[in-house]
Amino acid sequence: MADHDGLADCSISLRLRSVADLAEARHTLAHELESARIEPGAVDDLVLACSELFTNALEAAEPGTDVSAVVSVAADPRAEVGRRVTVEVVNIGDPLPGRLEVDGASQIGPNRSRGRGLVLAAQMGDLVLEGLIGGTRARFERRVHLAT
């Protein structure tokens, strides 16, 4: 069903088994976001944030289990124009491994080669991490504009 901007809502479901699946997931996500007429700069940011969330979930997942992700693009009821992109990534494994505070960017020094993904995603949108029984859910939201 089309809304005030003439676009229908859409949802993209992805399953990742290993980091080898990341390139295809990024390509699929970029294509679907472009098809939803999201502005190019926002597409790049969203693909980067999702890639970080996917990678984090895969690294923390129990071996042999899939990481599931659902990316939804819908009208933003609080705005006359634009869309709200919501990403949910769920894995099975240690709930909230590492437990680095997302707003703890000061804990990440220049000599650290890891641990920046969640901080980066949180800087690009609203990020909530939820420990589940036997896993973790990451929920990311961002308001975006449509391409002109």
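Would you kindly derive the ³J(HN,Hα) couplings of segment 64-69 from the backbone phi angles with the Karplus curve 6.51 cos²θ - 1.76 cosθ + 1.60 (θ = phi - 60°), listing them in order in whole Hz, with x for Gly and Pro?
x, 10, 8, 9, 9, 9
Quick one: 3J(HN,Hα) in Hz for segment 129-143, Karplus 6.51/-1.76/1.60 with θ = phi - 60°, rounded, Gly and Pro as x.
Values per residue, Gly and Pro as x: 10, 10, x, 10, 5, x, x, 9, 10, 10, 10, 10, 9, 8, 7 Hz.
For GLU88, GLU62, what ranking results if the residue with the fewest other Cβ atoms within 10 Å of its Cβ goes first?
GLU62, GLU88
Consider all pairwise Cα distances in segment 1-66 and report the whole-number % of them above 13 Å.
66
Explain nothing, just compute: Karplus ³J(HN,Hα) = 6.51 cos²θ - 1.76 cosθ + 1.60, θ = phi - 60°, for every residue of segment 8-19 in order, whole Hz, x for Gly and Pro.
Ordered by residue, 3J(HN,Hα) equals 8, 5, 9, 9, 10, 10, 10, 10, 10, 9, 8, 5 Hz.
Neighbouring Cβ atoms within 10 Å as the yardstick, rank ARG78, ARG139 fewest first.
Lowest to highest Cβ neighbour count: ARG78, ARG139.
Quick note: the coordinates plus some simple rules give every number you see, no bench work behind them. Remember, it's a predicted structure, so these values are computed and weren't measured experimentally. Here Cβ is always computed from backbone atoms with ideal geometry, including for glycine, and neighbour counts include all displayed protein chains.
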